[in-house]
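K.L.:
Pasting a structure here, questions to come.
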Ligand SMILES: [Ca+2]
């Protein structure tokens with residue numbers, strides 16, 4: 001069996017942290033294997049305040065987009081779809097930060 005904790009890599013560590021975050025927020029009600037809309041809002045505003053603080057409508061829209069089976073809760077695969085989307089957004093942000101940093105160091 002694969003033991004992801006053997007010789008832990010940064011990628012394995014990142015996935016483990018996402019697993020931990022999902023369950024940390026999913027555990028605030030009786031259904032500990034799914035994120036309710038309220039749990040998703042708390043997760044987004046707490047974990048990514050730079051994008052989601054005071055953005056209730058955005059969180060509602062994201063929840064509707066991600067709830068692919070329409071059961072009003074997100075399972076772990078649906079949560080990982082959110083993580084992938086956020087990864088794409090942060091990829092752009094990190095590039096802009098790098099470019100600004102490089103431009104500032106050239107002058
Ligand atoms: Ca839950």
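K.L.:
Within the set of pairs 6 or more residues apart or between chains, which connect a residue that is free of Cβ contacts under 8 Å to residues at least 40 places away in the same chain and closer than 15 Å to residue 80 by Cα inside the stretch 21-37 to a residue that is near the ligand (Cβ under 6 Å from one of its atoms) and not in a loop (DSSP other than H, G, I, E, B) with Cβ atoms less than 8 Å apart?
P.N.:
Matching pairs, first to second residue: 25/35; 25/39; 26/35; 26/39.
K.L.:
Select from the stretch 1-31 the residues that are surrounded by 12 or more Cβ atoms within 10 Å (Cβ to Cβ) and within 11 Å of the ligand (Cβ to nearest atom) and list them in ascending order.
P.N.:
22, 23, 24, 25, 26, 27, 28, 29, 31 - these are the residues of the stretch 1-31 that are surrounded by 12 or more Cβ atoms within 10 Å (Cβ to Cβ) and within 11 Å of the ligand (Cβ to nearest atom).
K.L.:
Would you call residue 48 more than 16 Å from the ligand (Cβ to nearest atom), at pLDDT below 95 and crowded, with 16+ Cβ neighbours inside 10 Å?
P.N.:
When the stated conditions are applied, residue 48 does not pass them.
K.L.:
Let me ask another. Of the conditions (1) in contact (Cβ under 8 Å) with a residue 60 or more places away in the chain; (2) in contact with a strand residue (DSSP E or B) (Cβ under 9 Å, 6 or more places away or on another chain), residue 18 fails just one. Which one is it?
P.N.:
(2)
The values are calculated or read from the model by the stated rules, or taken from the named source; none is laboratory data. Note that the structure is a prediction, hence the values are computed from the model and not measured. So basically every Cβ, Gly included, is an ideal-geometry build from the backbone, and we count neighbours across all protein chains shown.
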